Amino acid sequence: MVVSFPALLRPFRLCRWDPTPWARLAGPTKLRTGFTNSWAPARMAVTVTLEPAGRCRWDEPVRIAVRGLAPGQPVTLRASLRDEKGALFRAHARYCADAHGQLDLGRAPALGGSFTGLEPMGLLWALEPEKPLLRLVKRDVQTPFPVELEVLDGHDPEPGGLLGRAVHERDFLAPGVRREPVRSGRVRATLFLPPGPAPFPGIVDISGTGRGLPEYRASLLAGKGFAVMALAYYNYEDLPKSIENLHLEYFEEAMNYLLNHPQVKGPGVGLLGISKGGELCLSMASFLKGITAAVIINGSVASVGGTLHYKDEETETQYLHGTSRAGALAPHIKFLLS
């Protein structure tokens, strides 16, 4: 006698032509541990949570956590964003969920990828361009950077399917910060004023030779309570097209504009410069009055790529011609560091 398998199960009400009762009677599928790629339809949905949720400042820490994984499940987390020109930046890291199927990047070390070890913010600071040698720069601080976070099943080199996804916005303007373009005399700049009662301590922010008028650092500092002027000095609007011949009077005019602003606290201002901007800040601190502090990042102690003039005289010989101003600036640097 030949009996079909459904016929044997039918008296026990475990099989009907409609598959729905079978799924209901059989109950949820149990997850079998010990497999790197287990299919478990009964497992709760994978969720990616970020704190603070939704949006925060670019320089603020964010907590990243994943829930709904299998105990010990290997996963790959991937972060990506595109800048205003469409260039793609990515970072990824490999992790394993804990015994509860959860993953907290503040506690779980990365096992490999763009970085290793305990790096809660690694997926953000390790972002690298898809096209080599590109730099991630925020050109419009009035819009955020949307960062996409993805959770993929398994590890490299071939992670599996997408398990979860979230989008987090990283912005550059704290609530209440005001952005004011400055076109006064020869000065071309943008002033950022924090919320709250004035006056505020003032800072002149001078960038390197990336051209234009970068505002991302000034806008973030304004959120910390400073009145910050992001100052352009070449290749912007009607300013000189190169750095071959710069005049310190221009920077003096910008500094005086900030000092005389009704919402800026005197009697002096601070300077913040990087690379060529750091070199210019050293010259300002050496020759100009009204400067109470200076932060120099990777700045040269000699003029690089051009000559700086002040009151119709050259402040020093070009470094490229072999003469450094380190000796002349030593007393000023000592004073600034004291």
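The values are calculated or read from the model by the stated rules, or taken from the named source; none is laboratory data. Given the structure is predicted, the values throughout are model-derived calculations rather than measurements. All Cβ positions, even for glycine, are placed from backbone atoms using ideal geometry, and neighbour counts span all protein chains on display.
For the structure I just gave you, tell me whether LEU231 is more than 20 Å from SER300 (Cα to Cα) and either touching an Asp or Glu at 6+ places or on another chain (Cβ under 7 Å) or basic (Lys, Arg) (or both).
Numbers: more than 20 Å from SER300 (Cα to Cα): no; either touching an Asp or Glu at 6+ places or on another chain (Cβ under 7 Å) or basic (Lys, Arg) (or both): yes.
Judged against the criteria, LEU231 is not a match.
Say whether the condition of being crowded, with 20+ Cβ neighbours inside 10 Å, in contact (Cβ under 8 Å) with a residue 12 or more places away in the chain, under 30 Å from LEU239 (Cα atoms) and hydrophobic (A, V, I, L, M, F, W, C) is met by at least one residue in region 122-144. There is at least one residue in region 122-144 that is crowded, with 20+ Cβ neighbours inside 10 Å, in contact (Cβ under 8 Å) with a residue 12 or more places away in the chain, under 30 Å from LEU239 (Cα atoms) and hydrophobic (A, V, I, L, M, F, W, C). Assessment of region 235-251 against the conditions (within 25 Å of the chain's Cα centre (by Cα), aromatic (Phe, Trp, Tyr) and in a helix (DSSP H, G or I)) yields no matching residue.
Which of the residues belonging to region 287-297 are in contact (Cβ under 8 Å) with a residue 40 or more places away in the chain and surrounded by fewer than 21 Cβ atoms within 10 Å (Cβ to Cβ)? If the condition is that a residue be in contact (Cβ under 8 Å) with a residue 40 or more places away in the chain and surrounded by fewer than 21 Cβ atoms within 10 Å (Cβ to Cβ), then LEU288, ALA293 are the ones that fit. For THR190, which of the numbered conditions (1) polar (S, T, N, Q); (2) surrounded by 13 or more Cβ atoms within 10 Å (Cβ to Cβ); (3) not in a strand (DSSP E or B) fails to hold? The failed condition is (3).
All conditions in (1) in contact with a Ser or Thr (Cβ under 8 Å, 6 or more places away or on another chain); (2) touching a residue at least 40 places away in the same chain (Cβ under 8 Å) hold for TYR234, with the sole exception of (2). Just one of (1) under 18 Å from ALA189 (Cβ atoms); (2) in contact with a Leu (Cβ under 6 Å, 6 or more places away or on another chain) fails for LEU308. It is (1).
Considering the conditions (1) touching an Asp or Glu at 6+ places or on another chain (Cβ under 6 Å); (2) under 21 Å from ARG63 (Cα atoms), VAL141 is excluded by exactly one of them, (2).
For LEU272, the test of being touching a residue at least 40 places away in the same chain (Cβ under 8 Å), assigned to a helix (DSSP H, G or I) and within 28 Å of the chain's Cα centre (by Cα) is failed. Between LEU133, LEU123, the distinction of being modelled with pLDDT of 95 or more and over 23 Å from VAL295 (Cα atoms) belongs to LEU123 only.
Please determine whether any residue of region 293-307 is assigned to a helix (DSSP H, G or I), under 24 Å from LYS241 (Cβ atoms) and either within 33 Å of the chain's Cα centre (by Cα) or at pLDDT 95 or above (or both). Before you say what the answer is, go through the steps one by one.
Restricting attention to region 293-307, the residues satisfying the condition of being assigned to a helix (DSSP H, G or I) are none.
The answer is no, given that none of the residues of region 293-307 is assigned to a helix (DSSP H, G or I), under 24 Å from LYS241 (Cβ atoms) and either within 33 Å of the chain's Cα centre (by Cα) or at pLDDT 95 or above (or both).
Any residue at all in region 145-165 that's more than 30 Å from LEU103 (Cβ to Cβ) and either modelled with pLDDT of 95 or more or in a loop (DSSP other than H, G, I, E, B) (or both)? Among the residues of region 145-165, not one is more than 30 Å from LEU103 (Cβ to Cβ) and either modelled with pLDDT of 95 or more or in a loop (DSSP other than H, G, I, E, B) (or both), which makes the answer no.
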